[in-house]
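Asks: One structure coming up, written as structure tokens, with questions to follow.
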Amino acid sequence: MSMPFYVAPEQVMKDRADFARKNVGRGRPLVASVFDAGILLCAENPSKNLHKISEIYDRIAFGGVGKYSEYDQLRQAGVRHADTKGYMYSREDVDARSLANAYAQTLHQVFTHEMKPLEVEILVAEVGTDPTADRLFRIRYDGFVTDEEGSTVLGGDADTIAERFQPDPPAGLDLDAAVGVAVKALAGPERTLGAKELEAAVLSRTDERRAFRRIEDDELTGLLG
């Protein structure tokens with residue numbers, strides 16, 4: 001009788017993490033940063049139909065990098081989760097922290113129990129009535145959650161792009177300047193990114209119930225100019 005092939009659990013986890021990390025790193029990056037009037041989300045994305053940035057609920061946005069089909073399924077699940085909770089309880093009970101925890105549990109469950117982990121890294125952002133109430137939660141393929149302060153980067157070359165934010169912290173900037181800092185960080189010193197290569201949206205710090213707004217091509221071109 002042949003013996004079953006044995007792989008140490010530690011090696012299995014390492015192989016899964018390496019697989020997911022490598023494929024997420026190939027994805028085009030996404031940045032999010034707090035500015036004076038809300039939260040800016042900006043991604044390198046030439047497609048006008050396959051969105052990396054979307055609305056989840058009234059004041060909550062979603063961002064994803066990696067395998068589109070997988071993070072879009074997570075986006076849809078998040079919308080259903082938020083709608084159900086808001087309907088059963090109250091709209092004020094839907095917040096980014098609980099949604100990030102739900103995503104973390106799902107990603108961790110897949111990472112530990114399925115053969116292939118999800119090749120994604122996602123962001124849950126919530127705008128508050130003032131900058132101290134803004135929330136940026138970055139969730140990795142293995143379910144690890146990071147509560148980011150001020151700005152965060154997902155996807156390829158995340159560490160390098162994050163370093164470019166350091167000389168120009170975006171927290172006190174207006175939208176025009178915040179877009180400039182974000183695009184400069186995404187492009188780096190050797191490239192130039194135009195409006196057709198970018199996707200951008202804001203969560204506006206207003207009294208209106210729905211805070212999410214896409215920055216369309218003409219407006220984005222004007223901000224870049």
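Asks: It is to be established whether one or more residues within region 206-219 are farther than 19 Å from N45 by Cα, touching a Pro at 6+ places or on another chain (Cβ under 9 Å) and in contact (Cβ under 8 Å) with a residue 60 or more places away in the chain. If you could, list the steps in order and put the result at the bottom.
Replies: Taking region 206-219 first, the residues farther than 19 Å from N45 by Cα are 206-211.
With the extra rule that they be touching a Pro at 6+ places or on another chain (Cβ under 9 Å), the set shrinks to none.
No, that holds for no residue.
Asks: Could you list, in sequence order, all residues of region 175-212 that are under 16 Å from E163 (Cα atoms), in a helix (DSSP H, G or I) and not small (G, A, S)? Can you show your working first?
Replies: Of the residues in region 175-212, the ones under 16 Å from E163 (Cα atoms) are 178, 180-190.
If we keep only those that are in a helix (DSSP H, G or I) too, we end up with 178, 180-187.
Hits for region 175-212 are V181, V183, K184, L186.
Asks: Additional query: Going by what's in this entry, would V12 be described as surrounded by fewer than 13 Cβ atoms within 10 Å (Cβ to Cβ), of a type in the set (A, V, I, L, M) and part of a helix (DSSP H, G or I)?
Replies: Numbers: surrounded by fewer than 13 Cβ atoms within 10 Å (Cβ to Cβ): yes; of a type in the set (A, V, I, L, M): yes; part of a helix (DSSP H, G or I): yes.
Judged against the criteria, V12 is a match.
Asks: Next question, about the same structure. How many of the residues making up region 111-137 are more than 18 Å from K22 (Cβ to Cβ) and either within 19 Å of the chain's Cα centre (by Cα) or assigned to a loop (DSSP other than H, G, I, E, B) (or both)? Explain how you work it out, then say what you get.
Replies: Initial filter on region 111-137 (more than 18 Å from K22 (Cβ to Cβ)): 112-113, 123-137.
From what's left, either within 19 Å of the chain's Cα centre (by Cα) or assigned to a loop (DSSP other than H, G, I, E, B) (or both): 123-131, 133-137.
Number of matching residues: 14.
Asks: Any idea which of T106, T84, T129, T152 is exposed (fewer than 13 other Cβ atoms within 10 Å of the Cβ) and either at pLDDT 95 or above or within 22 Å of G64 (Cβ to Cβ) (or both)? Steps first, please.
Replies: Details: T106 fails: exposed (fewer than 13 other Cβ atoms within 10 Å of the Cβ); T129 fails: either at pLDDT 95 or above or within 22 Å of G64 (Cβ to Cβ) (or both); T152 fails: exposed (fewer than 13 other Cβ atoms within 10 Å of the Cβ).
That would be T84, the only listed residue that is exposed (fewer than 13 other Cβ atoms within 10 Å of the Cβ) and either at pLDDT 95 or above or within 22 Å of G64 (Cβ to Cβ) (or both).
Asks: Still on this structure, I have one more. Could you tell me which numbered condition G64 fails, if it satisfies all but one of (1) in contact with a Phe, Trp or Tyr (Cβ under 6 Å, 6 or more places away or on another chain); (2) not in a strand (DSSP E or B)?
Replies: (2)
Asks: What number of residues in region 37-52 are surrounded by fewer than 24 Cβ atoms within 10 Å (Cβ to Cβ) and either assigned to a loop (DSSP other than H, G, I, E, B) or modelled with pLDDT of 95 or more (or both)?
Replies: 8
Asks: Determine the pairs where a residue that is at pLDDT below 90, located within region 20-36, has a partner that is hydrophobic (A, V, I, L, M, F, W, C) with Cβ atoms under 6 Å apart, the partner being 6 or more residues away or on another chain.
Replies: G27/V65
Asks: Which of the residues that make up region 98-128 are closer than 20 Å to F212 by Cβ, touching an Asp or Glu at 6+ places or on another chain (Cβ under 8 Å) and not aliphatic (A, V, I, L, M)?
Replies: The answer is E126, G128.
Asks: Among the residues of region 48-80, write down those that are within 22 Å of N23 (Cα to Cα), touching an Asp or Glu at 6+ places or on another chain (Cβ under 8 Å) and of a type in the set (G, A, S).
Replies: Correct list: G64, G66.
Asks: When you go through (1) part of a helix (DSSP H, G or I); (2) surrounded by 14 or more Cβ atoms within 10 Å (Cβ to Cβ); (3) acidic (D, E) one by one for E92, which number turns out not to apply?
Replies: Unmet for E92, out of (1) part of a helix (DSSP H, G or I); (2) surrounded by 14 or more Cβ atoms within 10 Å (Cβ to Cβ); (3) acidic (D, E): (2).
Asks: Further question on the same structure: Given the conditions (1) in contact with a helix residue (DSSP H, G or I) (Cβ under 9 Å, 6 or more places away or on another chain); (2) of a type in the set (D, E); (3) under 26 Å from D207 (Cβ atoms), report the number of the one that E148 does not fulfil.
Replies: If we test E148 against (1) in contact with a helix residue (DSSP H, G or I) (Cβ under 9 Å, 6 or more places away or on another chain); (2) of a type in the set (D, E); (3) under 26 Å from D207 (Cβ atoms), just (1) comes out false.
Asks: Still on this structure: Looking at region 91-117, which of its residues are under 22 Å from S54 (Cα atoms) and among the polar types (S, T, N, Q)? Full working, then the answer.
Replies: From region 91-117, those under 22 Å from S54 (Cα atoms) are 91-107; that's our starting set.
Of everything in region 91-117, those that are under 22 Å from S54 (Cα atoms) and among the polar types (S, T, N, Q) turn out to be S98, N101, Q105, T106.
Conditions tested, residue by residue: (1) surrounded by fewer than 16 Cβ atoms within 10 Å (Cβ to Cβ); (2) within 20 Å of R28 (Cα to Cα); (3) modelled with pLDDT under 90.
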residue: V179; (1), (2), (3): no, yes, no
residue: R191; (1), (2), (3): yes, yes, yes
residue: A201; (1), (2), (3): no, yes, no
residue: R209; (1), (2), (3): yes, no, yes
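Asks: Would it be correct to say that V79 is assigned to a helix (DSSP H, G or I), farther than 30 Å from P9 by Cβ and of a type in the set (A, V, I, L, M, F, W, C)? So that I can check it myself, show each step before the final result.
Replies: Values: assigned to a helix (DSSP H, G or I): yes; farther than 30 Å from P9 by Cβ: yes; of a type in the set (A, V, I, L, M, F, W, C): yes.
Yes; evaluated as a whole, the condition is true for this residue.
Asks: Determine, yes or no, whether D147 is surrounded by fewer than 15 Cβ atoms within 10 Å (Cβ to Cβ), under 18 Å from the mean Cα position of the chain (by Cα) and in a strand (DSSP E or B). Step through it out loud before you land on a result.
Replies: Details: surrounded by fewer than 15 Cβ atoms within 10 Å (Cβ to Cβ): yes; under 18 Å from the mean Cα position of the chain (by Cα): yes; in a strand (DSSP E or B): yes.
Here the answer is yes, as D147 does meet what is asked.
The values are calculated or read from the model by the stated rules, or taken from the named source; none is laboratory data. Please read these numbers as outputs of a predicted model, since none were measured by experiment. As a convention, Cβ positions derive from the backbone with ideal geometry for all residues, glycine included, and neighbour counts pool all protein chains shown.
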